[in-house]
Amino acid sequence: MKRDAPIDSLEGVPRPDLIGGSIPRAIFRLAWPAVASTLMHASLNTTDAFWVGKLGPAAMAAVFASGFIIWLIFSLSDMISVGLTALVARFFGAGNRSEANEIARQGMAFGLLTACVLGGGGLIAAQPLLRLVGVELDVQTIGAGYMRIALAGIPIFFGLFLINSILSGAGDTQTPMRLTLTSIVLNMILDPLLILGIGPFPRLEVNGAALATVIAEAVAFAIGLALVIRGRSGIRLTYDSRFRLSPTTIWRVLRIGIPSSISWVTFSLVYVVITRIAAIFGTPAIAALGVGTRLESFSYMTAGGFSVAAATLVGQNLGASQPGRAERATWTTASIIFGFTGVLALVFLLIPHRLVAVFNSDPTVIQIGASYLRIIAIAQILQGTGQIMSGAFRGAGDTVPPMVFTTITAVLRIPTAYLLAVVLGLGVQGVWLTISFAMTALGLLLIIWFKRGKWKEHKV
């Protein structure tokens, strides 16, 4: 690969030395903005849950059921974003900025085109998709409006996510953090205004939560797009009349990203079925699952932020022909997450009722939600550690093993949940136990496979 110029010489690029120096320092300088970004995303969902929770269990269930379907569609962005992060990181590590820029330009154009197609299809199928989940008619009616507004914003969500992925691959996790902060602050301001109709604003209830998110993300996307067009962090998106999508470049991105996207699409589809099984036990069970997963997201998204650091460090160090340093960076990152999730597990075990009560005052929802937190508390430790390994695989461009393990453990949730909850009569706690078993198994499989070391030899 041709080296353009030393990456560290780029003026105004706030990026740590990723291919030399202290590994822990590089991890934290990369991870803390990524963690802040992911926790802000969790707080966005939490803010929505807080205000929507004031409208009752049906509204909460509608947002939760719709959220899984939106998550399913949005998970397709992984087929582009994962490849972008891996390739941009690899070319930055090798010093080839011109190739990194072309990868970013092609990926962004293809991603926005894909998002428009997916968003349009989702708008047409909103109500039938909710019917498929199996929620009650009042929940379907409420959720359909929320889904249509959110799906209209899919190109915006995709675009912002792709910008963040490109910048992260270049080693800049601070700009994505600032963009996320912008969207979160705007969402926090708009949520009560549009949900409850404060002052001159209309009372849109659940639809207001979706509209607030779309507006907030649109502002952040516009800012992010302007930054990368100006050449933020060494990445410059350009356009001219001669620009054409390159099938070869797009396939190079997709070849890395498709396995990851398959994992998340499968996982999302499975959760639609899991939600349907939980729905057998009533609307409070769905609401409790919604609150529980939002609280769990603080663990999941923190590990996700550190997995961004692992992916970037692995990608750039493999690009610099330093596989040993890439492996050390991964294990160091995993040990940090192991400690964090251990502390959070203790909190879930000690005060689960108080945590659920923050988001829903219904006694039944609190009781069911508290049992969810207690059952998944320990499992999230291995889940978080496995996420770091998955990040390392993404950075190496070796995304097939995580796809296989995620798909297997996700699909097995369906028969296991039905067996425990319905056939053996454990009720909704059978669903919670299934989720816990699957989290543990996936984490162990990813750790074992990472130790084999085949990812170090993967070619992109």
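The values are calculated or read from the model by the stated rules, or taken from the named source; none is laboratory data. Keep in mind it's a predicted model, so treat the numbers as computed, not measured. Note that we place each Cβ from the backbone using ideal geometry, even for glycine, and neighbour counts take in every protein chain shown.
I'm checking my understanding of the structure. Among residues of segment 404-427 that are crowded, with 24+ Cβ neighbours inside 10 Å and of a type in the set (A, V, I, L, M, F, W, C), which one is farthest from the chain's Cα centre (by Cα)?
The qualifying residue farthest from the chain's Cα centre (by Cα) is 421.
Among the residues of segment 168-208, what is the count of those that are hydrophobic (A, V, I, L, M, F, W, C), touching a Lys or Arg at 6+ places or on another chain (Cβ under 9 Å) and under 26 Å from residue 23 (Cα atoms)?
1
Starting from residues that are within 20 Å of the chain's Cα centre (by Cα) and of a type in the set (Gly, Ala, Ser), keep the ones in segment 105-117 and report whichever is surrounded by the most Cβ atoms within 10 Å (Cβ to Cβ).
Ranking the candidates gives 107 first.
Identify the residue in segment 220-238 that is without any contact (Cβ under 8 Å) to a residue 60 or more places away in the chain and of a type in the set (Val, Ile, Thr) and, among all such residues, is surrounded by the fewest Cβ atoms within 10 Å (Cβ to Cβ).
229
Can you list the helices (runs of 4 or more DSSP H) found entirely within segment 50-164 that contain at least 1 residues being under 19 Å from residue 229 (Cα atoms) and touching a helix residue (DSSP H, G or I) at 6+ places or on another chain (Cβ under 6 Å)?
Result: 78-93, 97-124.
Rundown of residues vs (1) in contact (Cβ under 8 Å) with a residue 24 or more places away in the chain; (2) surrounded by fewer than 24 Cβ atoms within 10 Å (Cβ to Cβ); (3) not hydrophobic (A, V, I, L, M, F, W, C), yes/no style:
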residue: 139; (1), (2), (3): yes, no, no
residue: 153; (1), (2), (3): yes, yes, yes
residue: 164; (1), (2), (3): yes, no, yes
residue: 170; (1), (2), (3): yes, no, no
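Give me the residue from segment 67-96 that is farther than 15 Å from residue 311 by Cβ and more than 16 Å from the chain's Cα centre (by Cα) and, out of that set, surrounded by the most Cβ atoms within 10 Å (Cβ to Cβ).
Selected residue: 94.
Any residue in segment 387-403 that is at pLDDT below 95, surrounded by fewer than 19 Cβ atoms within 10 Å (Cβ to Cβ) and farther than 27 Å from residue 322 by Cβ?
no
It is to be established whether one or more residues within segment 249-262 are farther than 23 Å from residue 383 by Cα and not in a helix (DSSP H, G or I).
no
Please go through segment 372-405 and give me each residue that is touching a Phe, Trp or Tyr at 6+ places or on another chain (Cβ under 6 Å), small (Gly, Ala, Ser) and assigned to a helix (DSSP H, G or I), ordered by number.
396, the sole residue that qualifies.
Could you pull out the residue among 297, 307 that is crowded, with 22+ Cβ neighbours inside 10 Å, modelled with pLDDT under 95, within 23 Å of residue 41 (Cβ to Cβ) and within 17 Å of the chain's Cα centre (by Cα)?
Just one listed residue meets the conditions, 307.
When segment 353-396 is examined, which residues are found to be closer than 22 Å to residue 457 by Cα and within 18 Å of the chain's Cα centre (by Cα)?
Hits for segment 353-396 are 386, 387, 388, 389, 390, 391, 392, 393, 394, 395.
Hey, among the residues in segment 339-371 that are of a type outside the set (Ser, Thr, Tyr) and outside any helix (DSSP H, G or I), which one's nearest to residue 329 (Cα to Cα)?
351
Hey, could you check segment 231-248 for residues that are in a loop (DSSP other than H, G, I, E, B) and closer than 23 Å to residue 460 by Cα and say which is farthest from the chain's Cα centre (by Cα)?
Per the stated criteria, the residue is 244.
Residues in segment 172-210 that are closer than 19 Å to residue 56 by Cα and part of a helix (DSSP H, G or I): how many?
Total meeting the criteria: 11.
Using beta carbons and a limit of 7 Å, which pairs, at least six apart or on different chains, have the first residue in segment 300-320 and touching a residue at least 24 places away in the same chain (Cβ under 8 Å) and outside any helix (DSSP H, G or I) and the second one surrounded by fewer than 24 Cβ atoms within 10 Å (Cβ to Cβ) and β-branched (Val, Ile, Thr)?
Going by the 7 Å Cβ cut-off, the qualifying pairs are 320/19.
Has segment 50-71 got at least one residue that is among the small types (Gly, Ala, Ser), at pLDDT 85 or above and out of contact with any strand residue (DSSP E or B) (no Cβ under 8 Å at 6 or more places or on another chain)?
Checked segment 50-71: no residue is among the small types (Gly, Ala, Ser), at pLDDT 85 or above and out of contact with any strand residue (DSSP E or B) (no Cβ under 8 Å at 6 or more places or on another chain).
Among (1) modelled with pLDDT under 85; (2) surrounded by fewer than 19 Cβ atoms within 10 Å (Cβ to Cβ), there is one condition residue 215 misses while meeting the rest; what is its number?
Among (1) modelled with pLDDT under 85; (2) surrounded by fewer than 19 Cβ atoms within 10 Å (Cβ to Cβ), the lone unmet condition for residue 215 is (1).
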